[in-house]
1. Residue by residue through region 34-54, note down the ones that are part of a strand (DSSP E or B) and either of a type in the set (A, V, I, L, M) or closer than 16 Å to LYS72 by Cβ (or both).
2. Hey, can you tell me all the residues within region 433-448 that are closer than 13 Å to GLU383 by Cα and either polar (S, T, N, Q) or crowded, with 22+ Cβ neighbours inside 10 Å (or both)?
3. If ILE495 meets every condition in (1) free of Cβ contacts under 8 Å to residues at least 40 places away in the same chain; (2) open to solvent by 30 Å² or more (accessible area, probe 1.4 Å); (3) hydrophobic (A, V, I, L, M, F, W, C); (4) in contact with a Gly (Cβ under 8 Å, 6 or more places away or on another chain) apart from one, which number is that one?
4. Regarding LEU257, is this residue open to solvent by less than 30 Å² (accessible area, probe 1.4 Å) and assigned to a loop (DSSP other than H, G, I, E, B)?
5. Kindly establish whether PHE304 is free of Cβ contacts under 8 Å to residues at least 60 places away in the same chain, open to solvent by less than 20 Å² (accessible area, probe 1.4 Å) and farther than 21 Å from ASP245 by Cβ.
6. Among the numbered criteria (1) in contact (Cβ under 8 Å) with a residue 40 or more places away in the chain; (2) surrounded by fewer than 19 Cβ atoms within 10 Å (Cβ to Cβ); (3) of a type in the set (D, E, K, R), which one does ARG76 miss?
7. For region 381-394, how many residues meet the condition of being out of contact with any helix residue (DSSP H, G or I) (no Cβ under 8 Å at 6 or more places or on another chain) and open to solvent by 10 Å² or more (accessible area, probe 1.4 Å)?
8. Could you count how many residues in region 290-332 are assigned to a loop (DSSP other than H, G, I, E, B), under 19 Å from ASN369 (Cα atoms) and not β-branched (Val, Ile, Thr)?
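The values are calculated or read from the model by the stated rules, or taken from the named source; none is laboratory data. Since the model is a prediction, treat every value here as computed from it, not as a measurement. No Cβ is skipped: glycine too gets one built from the backbone with ideal geometry, and neighbour counts run over all protein chains shown. All accessible areas refer to the heavy atoms of the entire protein, side chains included, with ligands and DNA or RNA removed. Shrake-Rupley method; radii C 1.70, N 1.55, O 1.52, S 1.80 Å.
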Amino acid sequence: MDTKLNLTKTTASVLLLLILSFYTCFAQGNRGEKTAWHGFDRYDYVISEETFQLTPVKATPQEGNGVRTPEKGTRRCIVVVPKQVAEGNPWTWRGCYWDHAPQAEIELLKRGFHVVYITTDPDETWDVWYKFLRKEYGLAPKPAFIGMSRGGANAYTWGTNHPDKVLAICADNPGLSPANLMKMDALADNDVPILNICGSIDPILHNTYAIQGIYHANGGRMSVLIKDGMAHHPHSLRNPNVIADFIEQSFAEKERLRPAFVPERYKKTAFYSTKPNYRYSESEQVWITQWGPYFTGSYDKYSFSLRGVEGAVSVITPKQAAVGNPWVYRCDQPDGHSAVDMELLAQGFYIVIAPVPYNADGPIFDHWNIVYDYLVEKGFSSEPVLAGRGAATGEMYAWAIENPGKTSCIYGENPILRSSLAKIQPMDNLKSLATAKVPIIHVCGASDPNLKTQTNEVKKRYAGKMTLIIDKDRGHYPIEPNEPAKIAKLIMQTIK
């Protein structure tokens, strides 16, 4: 019995080795004869646009590291193999201008990435090439694209048509079609990170701004690096680590689990700072402006519905929640310049955007109470910070006045105390807050037209503790205070 079993195992092992040997020979046969590309093994192919047949070919000595224009009716394809393949078989894809400013791809080859290419423009041959690479080379399901100019347009074309098959896009002074722009939401829905690198005097810089506007509005992660005074050329960066790190980090990202407080049906987007940082780059020898999640980090934003509540509830989550799960409750939408929210997120606060219905003139108290009860039941602090900007502050005042024992403090930026929620306007109904000893913090621009009639009037009337900070060189806009870290610290001191 044991002998038969051992024979069976031996036979199975031999068969497995034969199968693997056959597959290896088949795969190597499909790879054809290798040449070299910047010190790495290179394999070339031709694909028919009519039959989609892929044929291995050998790059000619005249081509060197480049590639000649393919014959009519065919596409030229290239695979460059790293010396040591990284775990997961990651790869980058270029769809135009092979071997032009290849420093980022060379760096990624050193890190274990495959580098592939196919001649322009995206069509069915690209889909055949993708399937071939997945089957014969075992490459990861999602490539990262590196595209320059027309190559950037090609990356966005294939990416928006296959948003579930894209790891990341690095586009350098990219072209763009209106059709691509209209489908950018598909990439955002698939959480594809984007990095655009552009010259400040590039004549098609507007493409990047158009992409950014739509991508950010859809909650997508987009970072931008602008080289001050640079035109359409030179492409790429002298320091390839900026691009290589972006792609490698994208590949290393793990899928984040849905937090326990989020229902099964939800939408996840990204929340991050879009405040620009202007600095001199020693490696590029130019001044650069950069912004977005690659440079500053980002936070997950979950939007969902609750029974009995009209309008979506949105919760921005910190990387690591602080002890007690503190949170900010507000009804206005924070944006990429909400510096105090960013500071509080970094300190472990949740930011909760209360629902505002579509079919009413403003918020509904009962709906906000349902949200509050739901989150507290899920472990959030029972005393959130009530916050708002401009006239949105009045609505949070109104809820706090009805719930003073559930409020840690009220924070307003250039506030106006008008409320559609309240039967009595907040300015005339501050007693319950003072009785509960709720601290109030207002940050205002010295030139804000509402400073005298709103904040100064509250200071006269409020019997409790009120902190007022005036930014001398600011009006109503920008809403962002001059010292957000200082404000966040003041808010944190009110948490019990």
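1. ALA36, VAL46, ILE47, SER48, LEU54
2. Selection gives VAL438 alone.
3. ILE495 satisfies every listed condition except (1).
4. no
5. Spelling it out, PHE304 is indeed free of Cβ contacts under 8 Å to residues at least 60 places away in the same chain, open to solvent by less than 20 Å² (accessible area, probe 1.4 Å) and farther than 21 Å from ASP245 by Cβ.
6. (2)
7. Final tally of qualifying residues: 4.
8. So in region 290-332, the residues assigned to a loop (DSSP other than H, G, I, E, B) come out as 292, 297, 305-312, 317-326, 331-332.
Imposing the further condition that a residue be under 19 Å from ASN369 (Cα atoms) reduces the set to 305-312, 325-326, 331-332.
When the remaining residues are screened for being not β-branched (Val, Ile, Thr), the result is 305-308, 310-312, 325-326, 331-332.
So the answer is 11.
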